[in-house]
2 protein chains.
Amino acid sequence: MTSTSPDTSVPASALDALKVVVGPTGYLQADSDTEPYRRSWRDGYMGRTPLVLRPKSTDEVSRLVKICADARVPIVPQGGNTGLTFGGQPHEDASEVVISTARMTTIRALDTANDTITVDAGVILKQVQEAASGANRLFPLSLGAEGSCQVGGNISTNAGGVQVLRYGNMRSLVLGLEAVLPDGRIWNGLRGLRKDNTGYDLKQLLIGGEGTLGIITGAVLRLFPKPTATETAWIAVESPAAAVALLGHMKAALGESISAFELIRRAIVDFLLQGVPGHTDPMTDVHPWYVLMDVSSQGAPGSLAGPLGDALGAALEQGLVLDAIIASSGAQAQKLWKMREDMAEAQKAAGGAISHDISVPVSKIAEFVAATDAALEKAYPGIRHCSFGHVGDGNLHFNPVRPLNWDAERFKAERPAINRIVHDQVMAFDGSISAEHGIGRMRLAENLHYKSDVELDFMRAIKVAMDPHNIMNPHKVFMPAKG
Amino acid sequence: MTSTSPDTSVPASALDALKVVVGPTGYLQADSDTEPYRRSWRDGYMGRTPLVLRPKSTDEVSRLVKICADARVPIVPQGGNTGLTFGGQPHEDASEVVISTARMTTIRALDTANDTITVDAGVILKQVQEAASGANRLFPLSLGAEGSCQVGGNISTNAGGVQVLRYGNMRSLVLGLEAVLPDGRIWNGLRGLRKDNTGYDLKQLLIGGEGTLGIITGAVLRLFPKPTATETAWIAVESPAAAVALLGHMKAALGESISAFELIRRAIVDFLLQGVPGHTDPMTDVHPWYVLMDVSSQGAPGSLAGPLGDALGAALEQGLVLDAIIASSGAQAQKLWKMREDMAEAQKAAGGAISHDISVPVSKIAEFVAATDAALEKAYPGIRHCSFGHVGDGNLHFNPVRPLNWDAERFKAERPAINRIVHDQVMAFDGSISAEHGIGRMRLAENLHYKSDVELDFMRAIKVAMDPHNIMNPHKVFMPAKG
């Protein structure tokens with residue numbers, strides 16, 4: 001179709017057959033056209049592909065996958081392409097076609113009595129939130145990329161975000177799935193049921209499967225009552241241990257009304273104040289750590305201010321808290337949350353960080369931070385500690401920033417060694433090297449390094465059973481053939 | 001060992017090797033000794049087995065399974081043997097050995113900062129509840145058999161109960177698993193993490209797998225704050241449609257504090273009053289349907305009475321509710337819940353029921369009940385409608401009671417036909433023929449009848465990949481070989 005598309009191992013006959021399915025407006029071939037589908041939005045990865053397919057229906061996806069299965073053409077499924085571990089981009093050898101769900105954008109049904117919404121995989125997360133809100137419901141998944149990420153990708157990566165503490169991650173929000181399996185057949189598991197024990201819960205394999213077992217084309221998602229009362233607090237604490245103790249105290253006092261509980265290190269506040277315009281320190285005194293906390297309920301607006309104030313007062317008396325502010329308006333609450341949202345930018349402004357998306361049991365957070373800080377400092381004197389994250393889930397974005405006297409290249413070259421130091425500590429504290437971003441290609445080698453043989457064999461057995469020709473996102477998550 | 005054990009296809013050499021692993025106090029052979037492991041506690045099923053093994057550790061389970069794998073000896077894993085679908089008893093052909101987790105009873109750890117408890121598979125559910133309560137926490141799974149069912153069985157059947165509406169079913173309560181796989185290897189997935197995206201979530205296959213993919217030996221379970229305020233209400237409504245509307249009203253008013261919302265048909269109240277001593281009608285007037293509702297929170301004792309009363313008052317004004325009582329004491333609340341607990345006995349006293357454990361989307365409950373009542377009445381004039389269950393989950397125990405002029409034998413003979421009438425309606429309303437009891441052997445034929453080929457193939461592919469010699473609970477859930 002165009003001379004600027006790359007050389008590829010995909011047979012021309014297969015490419016032609018695929019194009020026929022979606023018609024002339026349903027595919028892209030020129031490198032300049034496919035570029036947004038080949039590039040990662042962070043960390044500068046760029047793959048190559050002979051063909052990006054943009055089907056409009058589950059039936060089209062099924063026909064595409066059947067052609068690929070017959071011709072043994074590998075497929076990279078792609079949603080909004082906002083992933084952080086290179087799970088959604090094609091390999092640089094141009095051996096894979098991309099199937100994007102970007103044109104599958106129908107909200108199929110919203111059932112307020114069942115508290116469910118049924119959507120195509122390509123619906124943008126923000127549109128789901130808005131549709132729910134319009135029906136006086138909450139769809140609680142909320143994350144930085146919500147304006148462009150797609151539901152199918154959120155499910156394939158089992159996305160997390162700031163409200164997991166209360167509502168669970170994407171896995172907890174999915175009641176039913178529709179997917180095209182690696183042989184091209186459509187599996188209709190679009191059930192809107194809260195209880196169904198009629199065999200293996202197959203959707204659980206596709207959730208978090210990162211497109212290696214099939215292509216999700218539709219989903220039934222859970223909705224919740226829309227909270228009518230919300231309060232936000234900015235709380236100074238002495239240490240991660242104090243933050244964990246405060247979480248226990250708050251859970252006992254406020255139960256499920258706690259919808260976010262974010263731990264923030266002073267360093268990242270300094271990076272914000274110095275590097276990102278528009279931020280001010282919420283407190284006059286400087287404190288070593290902070291918690292940003294939301295509570296919400298179905299009560300009258302303002303009705304949580306009293307209970308939250310009482311709980312914070314008791315925490316102050318017990319010495320769990322150094323200082324605390326309850327936002328006096330929605331605008332002030334937004335200003336506090338804007339700090340949380342701009343943390344990636346703050347790190348960049350401070351000189352760049354090496355990111356880790358880790359989790360440990362909540363009870364081990366304090367020890368983990370102390371041990372990992374020490375290990376990094378020993379290996380790299382002058383490295384700047386930076387961490388923030390979802391302490392209620394044991395999930396920290398543990399992102400050391402380069403020493404002031406280093407240049408960016410030198411720091412970048414240490415990435416594998418720094419990853420290994422941090423991840424060794426994660427494993428020592430019974431944690432996970434990827435809490436919410438998945439494995440993709442970025443964490444593949446690390447994952448193989450740490451996972452047990454039993455677990456890898458278990459995963460490979462599933463993969464081989466479901467995708468014997470290894471055509472579904474073959475370079476991601478793990479290598480099916482051992483060794 | 002004894003002349004009263006049955007003839008079996010299991011080689012004597014394998015039986016001998018298995019006995020060596022557990023030692024002389026670790027197995028049972030005589031029919032009189034194995035009888036409690038072969039018998040279902042409801043519906044009178046009795047299987048046969050040459051050997052019941054009672055290992056004391058995960059390592060012993062592993063060694064047992066390795067011997068069975070090598071000798072191709074089929075295994076029935078068993079917990080507290082309280083299941084309702086014959087999933088835990090051996091086949092009547094005596095071809096299977098039973099591995100019971102009854103002697104694996106250690107609570108390994110309780111971590112209040114992480115809100116987790118780590119237990120052996122054989123720990124009794126009630127002991128988990130009590131250990132949690134002793135640490136000022138709640139383990140919310142609660143069901144009739146809680147005094148004798150085991151955690152491993154609860155996980156293998158993905159048990160439900162009355163608090164699923166708020167806390168989810170067993171699947172939602174499991175953070176990590178340890179299991180012996182069909183080749184005898186131990187999989188250590190005992191992670192106490194709320195976020196872990198490092199490959200397929202393998203535990204999800206074992207949860208609800210009914211012992212067909214491995215033997216669960218240990219688990220990390222989630223704990224919750226122990227509620228400090230609780231209220232119970234008995235509410236009369238006109239119809240299932242009114243109950244569903246009331247649920248929506250209550251969710252908007254009271255959010256996650258609703259921890260149970262049970263729908264009860266008048267008929268079962270009459271059966272209770274007539275057939276089970278100690279019950280009285282909570283209301284003076286007779287109403288067609290009732291809701292039994294619990295709310296709980298972390299507030300001061302009594303603090304929910306006001307919000308609950310306000311919400312019920314508004315519902316009365318809107319015509320959603322005919323009458324309502326809020327229990328004035330813990331004793332009165334217990335008396336109301338005792339009615340719910342005695343419903344199985346009430347059915348029996350009324351002449352016996354044919355039970356169905358079904359779910360449909362909450363929004364379709366009213367239509368489902370009307371259509372299924374009509375279909376049953378047409379086929380069996382005089383059949384007595386009886387249903388109750390977890391309307392918040394769309395899960396009804398839909399148990400028609402025999403016509404007054406029929407004898408028990410005649411009614412029992414109609415079981416398959418009645419099952420088919422009810423389950424046809426379930427499928428017409430996009431529901432599940434087994435909401436919380438699983439498939440076992442009882443629902444096997446029905447499940448094969450209704451499941452799509454794609455879904456059955458998907459399940460079989462997993463089963464064959466994990467258990468190529470089909471030794472794990474081979475007669476349950478589905479037949480691995482198609483046809």
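Per residue of peptide A:165-172, the mean number of Cβ atoms on other chains within 10 Å of the residue Cβ is 3. Say the cut-off is 25 Å between C-alpha atoms; which of B:Lys338/B:Lys451; A:Lys195/B:Lys364; A:Lys251/A:Lys378 go over it? Flagged as over cut-off: B:Lys338/B:Lys451; A:Lys251/A:Lys378. In this simple spin-label approximation, A:Lys126 and A:Lys378 carry label points 7 Å from Cα along the Cα→Cβ vector, and these lie 4.6 nm apart.
Rounded to the nearest 10 degrees, the angle from helix B:240-254 to the longest Cα principal axis of chain B is 90 degrees. When B:Asp70 is represented by a point 7 angstrom out along its Cα-to-C-beta vector, the spacings to that point in the other copies are 4.9 nm, nearest first.
The mean count of C-beta atoms from other chains within 10 Å of the C-beta of residues in A:450-458, rounded to a whole number, is 5. In this assembly of identical copies, the label point of B:Ala314 (Cα plus 7 Å along Cα-to-Cβ) is separated from its counterparts by 2.7 nm, sorted shortest first. How far is helix B:415-428 tilted off the main Cα axis of chain B, in degrees rounded to 10, range 0 to 90? Result, in degrees: 70.
The mean number of partner chain beta-carbon atoms within 10 angstrom of a residue's beta-carbon across peptide B:362-374 is 2. Between chains B and A, what is the buried accessible area summed over both chains (1.4 Å probe, protein heavy atoms, nearest 100 Å²)? Approximately 6400 Å², summed over both chains.
Packing order of peptides A:460-473, A:347-360, A:322-335, highest average first: A:347-360, A:460-473, A:322-335 (average count of other Cβ atoms within 10 Å over each peptide's residues).
A 1.4 Å probe run over the protein chains yields, for the stretch B:115-255, 23 Å² of accessible area per residue, whole-number rounding. Compared with the alpha-carbon gap, the fully stretched path from A:Ser239 to A:Tyr45 is longer by 66.2 nm at 0.36 nm per residue. Peptides A:371-379, A:5-13 ranked from most to least packed, by the mean per-residue count of other Cβ atoms within 10 Å: A:371-379, A:5-13. Remark: spin-label model distance A:Asp7-A:Lys348 equals 3.6 nm, labels positioned 7 Å along the Cα→Cβ axis.
Note on A:Gln334/A:Ser148: beta-carbon distance plugged into 1/(1 + (r/R0)^6) with R0 of 22 Å gives a FRET efficiency of 0.60. Charges were assigned to the Cβ only: +1 to each Lys and Arg, -1 to each Asp and Glu. The resulting dipole of the stretch A:154-221 about its Cα centre is roughly 280 debye. Pairs from the list A:Lys463/B:Lys19; B:Lys226/B:Lys348; A:Lys203/A:Lys476; A:Lys126/A:Lys335; B:Lys19/B:Lys203 with a Cα-Cα gap above 26 Å: A:Lys463/B:Lys19; B:Lys226/B:Lys348; B:Lys19/B:Lys203. On full extension, the segment bounded by B:Glu35 and B:Leu456 gains 148.2 nm, given 0.36 nm per residue less the C-alpha separation.
Straight Cα distances below 18 angstrom link A:Lys412 to the aspartates and glutamates A:Asp43, A:Glu345, A:Asp357, A:Glu377, A:Glu446, with same-chain residues fewer than 8 positions distant left out. Selection among B:Trp234, B:Pro307, B:Leu223 by position relative to the dipole of the stretch B:202-317 gives B:Leu223 as farthest towards the positive end (Cβ unit charges, Cα centre). Between A:Asp424 and A:Asp70, the modelled labels are 5.3 nm apart [label points 7 Å from Cα along Cα→Cβ]. Here the peptides B:275-286, A:295-306 are ranked by packing, the mean other Cβ count within 10 Å, and the order with the highest first is A:295-306, B:275-286. By the helix-only formula, in which each DSSP H run with n ≥ 4 contributes -39500 (n - 2.57) and the sum is divided by residues, the protein assembly as shown has a 222 nm mean residue ellipticity of -10500 deg cm²/dmol.
Counting only Cβ charges, +1 for Lys and Arg and -1 for Asp and Glu, the dipole size of the protein assembly as shown around its Cα centre is about 1100 debye. Once both axes come from the Cα atoms, what is the angle between helix A:453-466 and the longest principal axis of chain A, in degrees from 0 to 90, rounded to 10? Around 40 degrees separate the two axes. When the protein assembly as shown is described by a simple charge dipole with +1 on each Lys and Arg Cβ and -1 on each Asp and Glu Cβ, the residue from A:Thr280, B:Ser133, B:Leu190 located farthest towards its positive end is B:Leu190.
Shown for B:Arg266: label points 7 Å from Cα along the beta-carbon vector, and their distances to the equivalent points in the other copies, 7.0 nm in ascending order. Only the Cβ atoms of Lys and Arg (+1) and of Asp and Glu (-1) were treated as charged; on that basis the dipole of the stretch A:46-118 about its Cα centre amounts to roughly 220 debye.
Overall, the accessible surface of the protein assembly as shown at a probe of 1.4 angstrom is composed of carbon and sulfur to the extent of 53 percent. Taken per residue, the accessible surface of the stretch B:294-408 reaches 39 Å², heavy atoms only and a 1.4 Å probe. The Cα center of the stretch B:41-112 and the Cα center of the stretch A:334-397 differ in position by 46 Å.
The values are calculated or read from the model by the stated rules, or taken from the named source; none is laboratory data. If you're wondering where the values come from, they're calculated on a predicted model, not measured in any experiment. No Cβ is skipped: glycine too gets one built from the backbone with ideal geometry, and neighbour counts run over all protein chains shown. With ligands, DNA and RNA removed, areas are computed over all heavy atoms of the protein, side chains included. Shrake-Rupley method; radii C 1.70, N 1.55, O 1.52, S 1.80 Å.
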